[in-house]
1. Work out the mean other chain Cβ neighbour count within 10 Å for the residues of B:140-151 and drop it here as an integer.
2. How much net charge surrounds A:Lys73 when only other residues with a Cβ under 12 Å from its Cβ are counted (Lys, Arg +1; Asp, Glu -1)?
3. For segment B:100-234, what is the charge dipole size about the Cα centre, in debye to the nearest 20, if Lys and Arg each add +1 at the Cβ and Asp and Glu each add -1 at the Cβ?
4. Quick one: A:Tyr17, A:Tyr42, fewest Cβ neighbours within 10 Å first, how do they rank?
5. May I ask you to order A:83-94, B:177-188, B:226-237 by the average number of other C-beta atoms within 10 Å around their residues, highest value first?
6. Lone cysteines in the protein assembly as shown, defined as no other cysteine's Cβ under 4.7 Å from theirs: which are they?
7. Per residue of B:255-261, what is the mean number of Cβ atoms on other protein chains within 10 angstrom of that residue's Cβ?
8. What average count of beta carbons from other chains do you get within 10 Å of the Cβ of residues in B:201-208?
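No lab work stands behind these numbers, since they all come straight from the coordinates. Since the model is a prediction, treat every value here as computed from it, not as a measurement. So basically every Cβ, Gly included, is an ideal-geometry build from the backbone, and we count neighbours across all protein chains shown.
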Amino acid sequence: MAAAHSHVSTRRCGNKYTPACTKPRIINRALSAKCVSAGSKYKLPKITFTSNSGIRRIQIREGARTIKLIRFKGQGRTQYTIKRLQVATLGLVAGGHPIILRVTDIRGRSVSKTLRFSVCKATPVFTG
Amino acid sequence: MGKAPVVEGASTDAAAGRARERAALALVAAMVALLAALLGAGVAAAKLHRPPYGIKPPTRPKQFDVVTHFATANVSRPIYRRPSTRARVLRRLAFYTPDGEALQTYRFITSRRIGRTLWERIDVPMRPNGQTGWVKRAWLGPVRTSHTLIVVRRALEELFVYRAGRLIFTAPVGVGNVANRWSTPPGRYWIAEAFASTDPFYGPWAFGTTDYANDTEFPDGSIVGIHGTDAPWLIPGDPSHGCVRLKDQDILKLKNLVGIGTAVWIQ
């Protein structure tokens, strides 16, 4: 008796029944260009992470400090959205600061994106 | 005795009189009807000229109905003089303004698709004023829009704020002193920075524009700002080194009306 073969694929992408696996993507709304008062919290815009193979890990860093780390088990998720994430600016010097977003899919491919914000200086430097 | 003779002439005259009377009445009636018809036609014509569905005809001058599209830089790539990577480089896209007070914004002028690449022509804030360059659309972030406009009339020493072409605020200002060669440079710019100030010289709030002044004694490129003042008795006037000064109560009102990306016309 011939063995029964299952034709149901559990893979989301990358075989002859599914589309090709693409790199993960990071989509965000427009950033506010205005500086943030020292000591207040900087509100990040809505950020959406997508991967048609499945997201394994999302990391958000401010410089060398990790603000958020999210891990998914198994097949992961194809989309994840972060809303209303805030970054504390206490202790940050006046001027620009980067926020690095990094998403890794279940196949090990990573994509990074850098968002930026600025902490206000107390005294403007204008002609007067 | 016979019947009274019938005077035929009299009855004819009466009939003619009645006929004339009837004709006059008919004429009057016709004139009234004609007048009514003309009036009705006029009313109908007036109704035809009225826009349908309550849409009012435009009353705002289109001159001040300005929309500004701007974006920040995603990557620090060159700004080219022409839409080609082989053209001369004007400068590089910057992430922050020269004094680090805000993310650097670039105003869109026009776009051109060359092959599969979309190039954007942008206003570049640098010395001398009025420089433009070309970058790839992918190098800039999501587009933001502003519908407000600030017009500073130096001769009148007055500032006007428009939103969608409608005047919403006006205030006296102090502008650059021409006698000392500190005049506020004319042109079309936009607000690149907005922040609270703790220096009383600049008042409680300050806006930085993309206008560069002629006074090079100040570091960081002599940016022309719009800010408050600790000498309100000098306003209106021309006391400044190029900046536009407002009284503190006016700058606090302006703070709630405009923001980064608002167009600024210095006339």
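1. Numbers: counts 0, 7, 6, 1, 5, 1, 0, 0, 0, 0, 0, 0.
So the per-residue partner count for this stretch is 2.
2. +4
3. The dipole magnitude comes to about 1120 debye.
4. Fewest-to-most Cβ neighbours within 10 Å comes out as A:Tyr17, A:Tyr42.
5. Working: A:83-94: 13.2, B:177-188: 15.7, B:226-237: 17.9.
Final packing ranking: B:226-237, B:177-188, A:83-94.
6. Result for the protein assembly as shown is B:Cys243, no neighbouring Cys Cβ within the cutoff.
7. 1
8. Rounded to a whole number, the mean comes out at 2.
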